[in-house]
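Down below is the structure, laid out as structure tokens.
The values are calculated or read from the model by the stated rules, or taken from the named source; none is laboratory data. Remember, predicted model here, so these are calculated numbers, not experimental data. Glycine also receives a Cβ, built like all others from the backbone with ideal geometry; neighbour counts cover every protein chain displayed. Remember, those area values only see protein heavy atoms, side chains included, never the ligands or the DNA or RNA. Shrake-Rupley method; radii C 1.70, N 1.55, O 1.52, S 1.80 Å.
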Amino acid sequence: MPAHNLSEDVSDDEASFAPRPVDEISDAESVDEDAVPRQKIEIDNKIALERIRNTIRLDPSLSWTETLVVSYPETIDVDVDDDLNRELAFYKQALHSAQAAKSLAAKHNFPFTRPSDYFAEMVKSDAHMERIRQRLLDESAAIKRSEEKRKEREGKKFGKQVQMEKLQERQRGKKEMEERLKGLKRKRKGALDNPQEDDDGFDVEVEDAVSDRPTKRARGAGPGGKKLPRQVRDKKFGFGGPRKRAKQNTKASTDNFEPRAGGGKGVRGAKGKGGAKAGAKRPGKSRRMAARSRS
Amino acid sequence: MASVLKAQKINASKTDVKGKGKRKAEEIDEEDVQVPAPKKLKNKQRVLLLSSRGITHRMRHLMNDLEALLPHVKKDAKLDSKNHLHLLPELADLNNCNNTLYFESRRHEDLYLWAAKTPNGPSIKMHVQNVHTMDELKMTGNCLKGSRGILSFDKSFDESEWGRLTKEVFTHIFGVPQTARKAKPFIDHVLTFSVLDNKIWFRNFQIIEKDPLQPNGPPQMSMVEIGPRFVLTPIRIFEGAFGGATVYSNPEFVSPTAVRAALRGEKGEKYGKRKHAEQERSERKEGRRREEDELAVSKVFA
């Protein structure tokens, strides 16, 4: 065989076009080798597999309750990297199998559900389950805490806004005030030019202009304002008449023994109660010193 | 060898005729009501569970979880040697086990699982990945220790020949027989096996039949995961127990060592390129250097 091949090669070489394709082929082969280092030999001896399965397989007449095998009639067709959907598919498979098994168990009169008074050792110990519970609690607490923090942060942001507004408001007020003052200056320019026209330079008008709202007094007592009538003024401010004998005894007051309505001093010790009331006396010196040192 | 081939051929011709009918019968058996036979057949399985030396804590915990879940498991001491797997069938025989689960740890990081029927095979070698044990606090389910779990296989197991064989072997190993000494009489969890991305995904769910939020409402079944969880990549199926002819090999399987080596190689390549560039640069610099002349800085400002 090799000899024959050789002779063929030689004859190919003699032809002008022959060497090229040979080279190309070898090149392609070497590239291929780089890409796939070694093709693995696939073995799938179906006949042998089936024969082996037949040798080991359980007796088909075996009751279902001996093996508890359930087949899920669907294949799992999800993206492997999509954790959530993958686990969901497994969950669905388990749920379907459990339901199928329950109905099968009912058919076979096979106890399925554990009665609530059946206690036995569990796979995970109570201590471990407690740890799991604690972790769940911790997790929910952490979520709550972070939520609160977030809210607080947002509140802070909002608070900042409020502060900004306040500052702006203050600045606006200042500007307004300056404008008002400027306006006043402009108004009073003539007055400043000939000051003898009205003599008091200190006028209320400045204060009025500065304050947010002009005072009522200024309006009431202004040059154009009306005076209240005499009687009303007397009532409001008091009659300016005799004052000096107001506290003197009169005939009536001398005869009057009633305690005064204002609850003045009254008659001392009239009932003994007054004495008790006045009992909040200044304590003695020693006591006062003691109280001081205590506090 | 020739006799084996002949036997296979005969079997094939048989199965061509009979295969379908048989499988149909099996399905009916699974789903239909069985009239209690006079002589009750029993499913007798015992599993030897052991590991090689050099397993990490996570692998050990996974083994402990399996032991807790499967009451028909007999745990044995670590196997000293990785090259004498033929000892395992004898060991299983000594322990009266007809199945073996053997965890093999390589380089303290890769875990392989052998699932074998012991005296006569077959044995399946798988690579274990993504191990989460029951100790993790994220899985909140719980179940009775030793209760018999339902085995749930998805449809893809029935679609390939290796899948059917794997299903059979797993049924023997993970299905708790009714007669197991420590088995409990009720069912409260499901072991699911699903094929996805040519890998077998294992999950364990607790069955909750009553909604805890409305205990008096209509019974609604829900699931809570108990753990452990892991993913098995089938590598090879051998005819015998821990040996024999390969009847199936997964062409897609790339050993984790190869993956790591490729990564390292990539890194090394980068380093080599950088070093090469450095050297070239220094050579170029050397080539461009000018000779000393009288106007050199060092001479002018001496």
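The residue that is farthest from the chain's Cα centre (by Cα), counting only those in the range B:193-232 that are closer than 22 Å to residue B:137 by Cα and charged (D, E, K, R), is B:211. Pairs linking a residue in the range A:57-74 that is free of Cβ contacts under 8 Å to residues at least 12 places away in the same chain to a residue that is among the hydrophobic types (A, V, I, L, M, F, W, C) and assigned to a helix (DSSP H, G or I), with Cβ atoms under 7 Å and 6 or more positions apart or on different chains, are A:60/B:25.
A quick yes/no check of all residues on (1) closer than 17 Å to residue B:187 by Cα; (2) at the interface with another protein chain (Cβ under 7 Å from one of its Cβ atoms); (3) open to solvent by 70 Å² or more (accessible area, probe 1.4 Å):
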residue	(1), (2), (3)
A:49	no, yes, no
A:57	no, yes, no
A:63	yes, yes, no
A:76	no, yes, no
A:80	no, yes, no
A:85	no, no, yes
A:89	no, no, no
A:92	no, no, yes
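Checked across the range B:137-155, the condition of being under 19 Å from residue B:233 (Cβ atoms) and touching a residue at least 40 places away in the same chain (Cβ under 8 Å) holds for at least one residue. Selection of the range B:85-102 for residues being among the polar types (S, T, N, Q) and part of a strand (DSSP E or B) yields B:99, B:100. Here the range B:136-173 is the region considered, the condition is being acidic (Asp, Glu) and touching a Ser or Thr at 6+ places or on another chain (Cβ under 9 Å), and the residue that is farthest from residue A:131 (Cα to Cα) is B:159.
Identification of helices (runs of 4 or more DSSP H) wholly contained in the range A:217-291 with 1 or more residues that are modelled with pLDDT under 50 yields A:273-277. Selection of the range B:125-157 for residues being assigned to a strand (DSSP E or B), open to solvent by less than 10 Å² (accessible area, probe 1.4 Å), within 14 Å of residue B:226 (Cα to Cα) and more than 7 Å from chain A (Cβ to nearest Cβ) yields only B:147. Being among the charged types (D, E, K, R) and farther than 30 Å from residue B:119 by Cα is a description that applies to residue A:74.
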